[in-house]
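Trainee: Can you keep this structure in mind? I'll have questions shortly.
The values are calculated or read from the model by the stated rules, or taken from the named source; none is laboratory data. The shown structure was predicted, so the numbers you read here are calculated from the model rather than taken from an experiment. For neighbour counting, all protein chains shown are included, and Cβ atoms are generated from backbone atoms with ideal geometry for every residue, glycine included. SASA here: full protein model, heavy atoms, side chains in, ligands and nucleic acids out. Shrake-Rupley method; radii C 1.70, N 1.55, O 1.52, S 1.80 Å.
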Amino acid sequence: MTGTIAQVRPADERLAERLAEEYRQARIDMGPREAAAEWFTPLLRKWRRLLAGKGEGFTAREQLALAVTLDADLRSRDTFIVTAISPEVSMKQLRVMVEERHSLKSTALLERVLEGWFHAGQKPDTSRLDLAVDILAGFVERVPQGRRAQLLTVCAYLSWSAGHVGRAAEWGLKALLADEECTLAALVVTACEHGTLPDWAL
């Protein structure tokens, strides 16, 4: 985790704004499900491959598209987290989570995965979680400040999930600096302050 804030290029600021508007319009024109399938599912598939040690990293455009999508859609953020924590969840199940977000099936699946690992006392693959954070840390500071809160929140939650309380608190505080209303980041910071960890780490 770096301690400096990289200079965001004006070109990236403009591209992020354009992508945000394009995604907003896609959700209006196509509907949330189809927009997610077109915008987020390819990024999710690539994320899954990267965590398995396959493929190349996100391109500069994909990095900004990812930041924009997570910022606009918290279900996408949560599915991104699930992908890192639970490699056994299939791509088909992940697509249900994000593309059918308003269905009972989608909600039940998401809750079952998150609640299941949290309370099961089974240690996750912390090396996979560390890799996930490293991937995001490699570019999050090149994302415009107003678009980076959810990326930082993912880093905070996954660091906490891996038992890295100090790092999780740092990421969470950075997320809150980017967006003080980021609820999940606030929950991670509070958990760290009170020494609350997943059951496996107790």
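Trainee: Taking region 122-152 only, how many residues are open to solvent by 60 Å² or more (accessible area, probe 1.4 Å), over 19 Å from residue 73 (Cα atoms) and among the polar types (S, T, N, Q)?
Mentor: 2
Trainee: Spot the failing condition for residue 109; the list is (1) in contact (Cβ under 8 Å) with a residue 40 or more places away in the chain; (2) part of a helix (DSSP H, G or I); (3) open to solvent by less than 50 Å² (accessible area, probe 1.4 Å), and only one is missed.
Mentor: It fails just one condition, (1).
Trainee: Do you know which residues across region 73-95 are within 16 Å of residue 42 (Cβ to Cβ), among the hydrophobic types (A, V, I, L, M, F, W, C) and open to solvent by 20 Å² or more (accessible area, probe 1.4 Å)?
Mentor: 91
Trainee: Go through region 15-51 residue by residue and tally those that are within 16 Å of residue 71 (Cα to Cα) and assigned to a helix (DSSP H, G or I).
Mentor: 20
Trainee: Can you name the residue in region 163-178 that is part of a helix (DSSP H, G or I) and small (Gly, Ala, Ser) and is also farthest from the chain's Cα centre (by Cα) among such residues?
Mentor: Per the stated criteria, the residue is 166.
Trainee: Being modelled with pLDDT of 95 or more and surrounded by fewer than 18 Cβ atoms within 10 Å (Cβ to Cβ) is the requirement here; does residue 62 meet it?
Mentor: Taking the combined requirement at face value, the residue satisfies it.
Trainee: Any idea how many residues of region 191-202 are in contact with a helix residue (DSSP H, G or I) (Cβ under 9 Å, 6 or more places away or on another chain), over 16 Å from residue 129 (Cβ atoms) and not charged (D, E, K, R)?
Mentor: Qualifying residue count, region 191-202: 2.
Trainee: Can you find a residue that is not in a helix (DSSP H, G or I) and not small (Gly, Ala, Ser) anywhere in region 144-159?
Mentor: Yes, because at least one residue in region 144-159 is not in a helix (DSSP H, G or I) and not small (Gly, Ala, Ser).
Trainee: Could you tell me how many of the residues in region 74-106 are of a type in the set (D, E, K, R), assigned to a helix (DSSP H, G or I) and without any contact (Cβ under 8 Å) to a residue 40 or more places away in the chain?
Mentor: Total satisfying the criteria: 4.
Trainee: Restricting attention to region 156-178, and to residues there that are of a type outside the set (Ser, Thr, Tyr) and either in contact (Cβ under 8 Å) with a residue 60 or more places away in the chain or at positive phi (or both), which single residue is surrounded by the fewest Cβ atoms within 10 Å (Cβ to Cβ)?
Mentor: Per the criteria, the residue is 163.
Trainee: Filtering region 179-202 down to residues that are under 16 Å from the mean Cα position of the chain (by Cα) and surrounded by 14 or more Cβ atoms within 10 Å (Cβ to Cβ), which residue is nearest to residue 137 (Cα to Cα)?
Mentor: Among those that are under 16 Å from the mean Cα position of the chain (by Cα) and surrounded by 14 or more Cβ atoms within 10 Å (Cβ to Cβ), it is 185.
Trainee: Of 18, 49, which residue is free of Cβ contacts under 8 Å to residues at least 40 places away in the same chain, open to solvent by 70 Å² or more (accessible area, probe 1.4 Å) and in contact with a Gly (Cβ under 6 Å, 6 or more places away or on another chain)?
Mentor: 49
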